[in-house]
Amino acid sequence: MAKKEKDVVSQTFHAMVESADRKFGRVRDLPLYGRAQQNHYFQKVFKAYMRLWKYQQENRSKLVDSGLNRWEIGEIASRIGQLYFNQYMRSSEARFLVEAYVFYEAILERKYFDARGSGKPKVDVGVRFKELRFYARFLLVALIFNKVDMVRLLAERFKGLVDDSMTNFRVKFAELTLDTYRMMQCLEWEPSGSFYQRRPVESVYQKHPVESNENGTVIDHSGAVSGLIDINLAADLTDPTLPPNPRKAVLYRPSVTRLLAVMATICEELPPETIMLIYLSASGNAAHSNLSQAGSSGGSRKSSKDKVVSGVYGEDKSSAPESHCNGKRESSDYYDNYLWLGPRGYGGSNALYPGDIIPFTRRPLFLIIDSDSSHAFKVLHGAERGEPAALLLSPLKPAFKNLSAVDTSHCGSQFTFFLTAPLPAFCQMVGLTSADSDMDFYNDAEEILSIAFSEWEVILCTSKGLDLVWAQVLSDPFLRRLILRFIFCRSVLSFFCPLEDEQYLPICLPHLPNSVSARSEVVQSAVFRLANHLKVADCFQFDDT
C-alpha cells in the first residue's frame with residue numbers, strides 16, 4: 001500500500017509539472033510588445049506553480065523516496081523567477097525585477113542545481129544546461145538590478161561552469177548584447193544605481209529559509225507573498241517616489257519583417273502626444289567595418305511613462321553610394337544603402353533600408369542609427385510623411401588614441417557608449433583606465449560633465465532658434481539626456497579627430513542651435529576643462545581662445 005501511495009504521489013506531481021509547464025510556455029511565448037491583456041495567463045500560471053510548490057512541500061519525503069531530484073525543485077523556482085523577469089521586460093516595472101532577483105538568489109543559496117551537493121559522481125548534461133541557463137539569467141537580472149558584488153560572484157562561478165562544460169559538453173547562451181544592455185539601462189530610472197536602495201550581497205534566506213515560508217501562500221503577480229520571497233523585500237529595495245519605467249521590447253537578430261511588425265504594433269498602440277524612439281545598431285559596409293554590434297528600437301511617451309525598445313543584431317554587408325539628380329533626391333536613394341540585421345549569407349529579408357523607416361514618420365519619430373552605414377539614413381530628413389523626424393547618426397568609424405589597445409569586438413559601439421556612459425566612453429577613447437586615477441579624481445570629472453550638461457540644457461530650453469522637432473522631445477528626460485550626450489560626443493570627436501574627418505563625426509538632423517555646436521565656446525570650454533582635469537589635453541586640437 002505504501003509503494004502504491006508513493007506511486008500515486010509521484011504520478012500526480014509529474015502531471016502537475018506537465019500542466020504548469022504548458023501554462024508556462026503560453027506566457028513565455030507571448031510577445032514582449034502589444035497591448036494584449038496578459039494578466040489572465042500570468043495569474044493562471046502562477047496559480048499552477050503555487051499548487052505545484054505546495055504539493056511537493058506536503059509530499060516531499062514520498063517524492064524523494066520516489067526519486068525526486070533537487071534540481072527538479074530548483075527548476076520550479078527558476079521558472080517562477082523567469083516569469084517575473086519576463087513580466088518585467090514587458091512592463092519595465094521594477095517590482096517584477098526585484099521578485100526575479102529574490103527567486104534566483106534563493107536558488108543560488110540552496111544550490112538546487114549543484115551536482116556536487118546531490119551526491120552523484122557525474123554531472124548530467126541536461127542538469128548542467130539548466131544550471132548554466134540559471135546563471136546566465138541571474139547574471140542578467142543582477143546586471144540590470146545593479147548588484148555589482150553579486151555580478152562578480154556570479155561571473156566567477158559562471159566562468160568556472162563554462163570552462164568545465166566546454167571540456168565535457170557543447171553550450172550556447174545569451175541573447176543580450178553589450179550595446180542593447182547599455183541602451184536598456186539608459187532608458188530606465190533604476191539601473192544607474194542611485195535610484196535603488198543599497199543592500200549588501202548576502203542571502204535573505206539566512207534569516208528566511210525557503211522552506212520556512214513555503215506554506216502554500218498564493219503566488220500573486222502583483223507582489224504578494226510567493227512562498228519563496230520575503231514580503232517586505234520589494235519595499236526595501238525599490239523607491240516608490242520614482243515615476244514608472246518606460247516599456248520596452250528587446251529583439252535579438254530579428255528578420256526585417258519581424259522588426260517592422262513590432263515597430264508597427266508599437267506605433268499603432270502608443271497614445272497620442274507620444275514620440276516613437278527607434279534605436280538600431282547594426283553593420284552595413286563590409287569593406288569598412290569589422291564590428292559585430294547589437295541594438296534596439298523603441299517609442300517614447302513625453303511623460304516618460306511609455307517607452308518601447310526593441311533590439312537587432314547585424315553583421316557585415318555591402319552598400320552603395322547615394323545618388324542625386326539635379327540636386328533632387330531620387331526614390332532609389334532610399335533603397336541603395338542598408339543595415340544588415342541577420343546572419344551572413346542570407347537575402348533581402350535581413351536588409352533594412354532607409355525607405356523602410358519612412359512609413360513610421362507619420363508619427364513623431366526619434367531615430368538613432370549606430371552603424372558604419374548610418375549616414376545613408378540622412379535621406380530620411382525631408383522625406384517624412386507626416387511629422388519631421390529627429391535623427392542622431394553615428395560616425396562611420398570609431399576613434400581611439402591607441403586602436404591596438406582596444407578590443408572593438410568586445411567593447412561595444414563607441415557611439416552607443418557615448419550616448420549611455422559619456423565619461424567612460426571619453427576615457428576609453430583617450431586610453432585611460434580605472435587604474436589611472438582614484439575615485440575622487442573620477443568623481444570630479446563626473447561633476448565637470450554634470451555641470452556642463454546642466455548649462456547646455458538651459459541653453460537648449462531657452463534657445464529661440466531651436467527647431468520644433470527638438471523642442472517637442474526636450475520635455476522627456478531620457479530623450480533630453482541622449483541629446484546632451486550627443487552634443488558632448490560630437491564636440492569631443494571634432495577636437496580629437498584630424499581635420500574633422502566626416503567619417504569620424506556623428507550627425508544630427510535637423511541641426512541643433514549654433515549655441516551648442518561642436519566648437520561653440522560653451523561646449524568647447526567644457527570639453528577643454530574635462531581634458532585638462534584628466535591630463536589628456538594633448539590628445540585634442542582645441543581652437544585658440
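Structure above, values below:
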{"item": "Three-way shape call for region 42-133 based on the alpha-carbon gyration tensor, with the a/c threshold at 1.5", "result": "oblate"}
{"item": "Theoretical FRET efficiency, 1/(1+(r/R0)^6), r = Cβ-Cβ of GLU502 and CYS539, R0 25 Å, to 0.05", "result": "0.80"}
{"item": "Prolate/oblate/rounded label for region 361-512 (Cα gyration tensor, a/c 1.5)", "result": "oblate"}
{"item": "Cα centroid separation - region 80-94 against region 239-269, whole Å", "result": "14"}
{"item": "Listed residue pairs exceeding 19 Å between alpha carbons, taken from LYS111/LYS159; LYS23/LYS54; LYS23/LYS44; LYS4/LYS54; LYS23/LYS47; LYS4/LYS62", "result": "LYS4/LYS54"}
{"item": "Trypsin sites (Lys or Arg not before Pro) restricted to region 415-501 and DSSP loop, no more than 14 other C-beta within 10 Å", "result": "LYS464"}
{"item": "Neighbourhood net charge (12 Å Cβ-Cβ; Lys/Arg +1, Asp/Glu -1) for PRO422", "result": "+3"}
{"item": "Theoretical gain in end-to-end length, VAL458 to ARG385 [0.36 nm per residue, Cα-Cα removed]", "result": "23.1 nm"}
{"item": "Accessible surface of region 392-505, 1.4 Å probe, proportion on carbon and sulfur as whole %", "result": "54"}
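The values are calculated or read from the model by the stated rules, or taken from the named source; none is laboratory data. Fair warning: this is a prediction, and the values are worked out from it, not measured in the lab. Ideal geometry is used to build each Cβ from the backbone, glycine not excepted, and the neighbour counts take in all protein chains shown. Note: areas computed on protein heavy atoms with side chains; ligands, DNA, RNA excluded. Shrake-Rupley method; radii C 1.70, N 1.55, O 1.52, S 1.80 Å.
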